[in-house]
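**Student:** Submitted below is the structure of interest, expressed as structure tokens.
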Amino acid sequence: MSAAAATHRPQGSRAALRQHVRRALGRDRNPLCRSLDRAYSRLMTGLALAVLATFVVAVVAALLVYRAETHTASQVARHRHAVTAVTTGPAVSDGPRTGGTTGHAPARWTYPAGPGSGSIPVQPGTLAGTAVRVGLDDAGLPAIGPKGPEQILSDTTLAGLVTVSVLGFGTEGVFALRRQVLEQRAEAAWERAWEQVEPGWSGRR
């Protein structure tokens, strides 16, 4: 560890955020406070504000996603109509990619737009002649229903986490770069001061 890190960083790490804010605003009356110390305090204060802003933005992003998906689900639900279809053949599994938990079967149904037929999702093992509730769109064709509350909540949580991760990594990267610059400045200042003090301290003139 460099001498600058040994003399400068502990001072910053022990200082409370309130002290950093005071120093960043120029209200620290300590005569030993250097411009480098104030720069470090501004960095720490900025980091605290950036972290707070990150969580605020994440909450806003999550709320926007929740509102948008809730609105979309409501609109989709208005154009979905549940009817009873009757399978005309046995179910066929969707394959190993689904773990054998889903399947489709040919079916017929009646809808105000007229009789219809097609392949509908069913449980594996469903036999021909089984009555199954199916969702149709306005044209009387099978359609995916709106997202449920659990899926909307999952998407909302994911949006918040992604926002925190992206902004958090960006903030940490900027903070690390700026801190490295300050440490280099501190080390250079320490070396210049040592060049002046060392001859007198060691007795070498």
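The values are calculated or read from the model by the stated rules, or taken from the named source; none is laboratory data. Everything numeric in this text was worked out from a predicted model, so none of it was measured. Using ideal geometry, Cβ is built from the backbone for each residue, glycine included, and neighbour counts are taken over all protein chains shown. The protein model used for the area step is the full one, side chains on, heavy atoms only, and it has no ligands, DNA or RNA in it. Shrake-Rupley method; radii C 1.70, N 1.55, O 1.52, S 1.80 Å.
**Student:** So which residues in the stretch 157-178 are under 17 Å from residue 45 (Cα atoms) and either at pLDDT 95 or above or of a type in the set (S, T, N, Q) (or both), if there are any at all?
**Tutor:** Passing the criteria: only 171.
**Student:** Looking at the stretch 47-99, which of the residues that are open to solvent by less than 40 Å² (accessible area, probe 1.4 Å) and in a loop (DSSP other than H, G, I, E, B) is farthest from residue 169 (Cα to Cα)?
**Tutor:** Restricting to residues being open to solvent by less than 40 Å² (accessible area, probe 1.4 Å) and in a loop (DSSP other than H, G, I, E, B), the top hit is 89.
**Student:** Within the set of pairs 6 or more residues apart or between chains, which connect a residue that is over 12 Å from residue 155 (Cβ atoms) inside the stretch 55-75 to a residue that is surrounded by fewer than 13 Cβ atoms within 10 Å (Cβ to Cβ) and aromatic (Phe, Trp, Tyr) with Cβ atoms less than 8 Å apart?
**Tutor:** Qualifying pairs under 8 Å: none.
**Student:** Can you say whether residue 115 is in a strand (DSSP E or B) and at pLDDT below 90, as far as the supplied structure shows? Break it down stepwise before answering.
**Tutor:** Working: in a strand (DSSP E or B): yes; at pLDDT below 90: yes.
Judged against the criteria, residue 115 is a match.
**Student:** What are the pairs with Cβ atoms under 9 angstrom where one residue, in the stretch 139-150, is surrounded by fewer than 16 Cβ atoms within 10 Å (Cβ to Cβ) and the other, located anywhere, is of a type in the set (S, T, N, Q)? Sequence gap at least six, or different chains.
**Tutor:** 149/70
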